[in-house]
Amino acid sequence: MLNTPESTVFKVGSSIECAFICLRRTEQMCVTAQFEKATQNCELFNRFEHTYDPSHEKATIVFKFAARFFT
């Protein structure tokens, strides 16, 4: 099943910048973010899941409060 992000931010320089974008969200809380280096896209999720596509290298950012849902 492909999980669609709540929103996507384009032209993001790094996974750290993607994490900051996620943390700054207030209206709809961001729980997980994925940064794809090749396209410089930052996908934001408001739930404890992410997409996995072996053909694209993505860095998944999970914040400490959400990490327990992945273990």
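The values are calculated or read from the model by the stated rules, or taken from the named source; none is laboratory data. Keep in mind it's a predicted model, so treat the numbers as computed, not measured. Please note: Cβ atoms are built from the backbone with ideal geometry, for glycine as well, and neighbour counts cover all protein chains shown.
The table below lists the values:
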{"item": "Looking only at the stretch 1-33, and only at residues there that are under 11 Å from I61 (Cα atoms) and of a type in the set (S, T, Y), the one that is surrounded by the most Cβ atoms within 10 Å (Cβ to Cβ)", "result": "T32"}
{"item": "Residues (part of a loop (DSSP other than H, G, I, E, B), under 22 Å from S55 (Cα atoms) and modelled with pLDDT under 90) located in the stretch 1-29", "result": "M1, L2, N3, T4, P5, E6"}
{"item": "Residues satisfying the stated conditions in the stretch 30-71, i.e. at pLDDT 80 or above and part of a loop (DSSP other than H, G, I, E, B)", "result": "C30, V31, K37, A38, T39, Q40, N46"}
